[in-house]
């Protein structure tokens, strides 16, 4: 199967699938290296409808998971119908050796409590 047929197949599913396809191909040195991976992300469309595969691809992109097994798992667990929750923000780390904003505001060392 050549790249043009794979791209056409991806287009029949939706834009997120095409984006996933492009991401895979961009990460490979030679196009031939990406064909199997791209075929893997397209394969679920044989078992599931495009209305399910496309949201699964969107979720996989958000999670940076571009593997057949990831997309298959998303579909099997019905995660394609759930919104992707953003990762919680990391709490700021408070170390005594880090200068805070008050140091840069007035040029003085902050007081350590």
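The values are calculated or read from the model by the stated rules, or taken from the named source; none is laboratory data. What you see is a predicted model; the values in this text were computed from it and never measured. Every residue, glycine as well, gets a Cβ built from its backbone with ideal geometry; the counts of neighbours run over all protein chains shown.
Some notes on this structure:
- Remark: pairs (first residue in the stretch 74-87, in a loop (DSSP other than H, G, I, E, B); second residue surrounded by fewer than 16 Cβ atoms within 10 Å (Cβ to Cβ) and modelled with pLDDT under 95; Cβ separation under 7 Å; 6+ apart in sequence or on different chains) = 84/62.
- Considering only residues in the stretch 38-68 that are under 14 Å from the mean Cα position of the chain (by Cα) and free of Cβ contacts under 8 Å to residues at least 24 places away in the same chain, the one that is surrounded by the fewest Cβ atoms within 10 Å (Cβ to Cβ) turns out to be 64.
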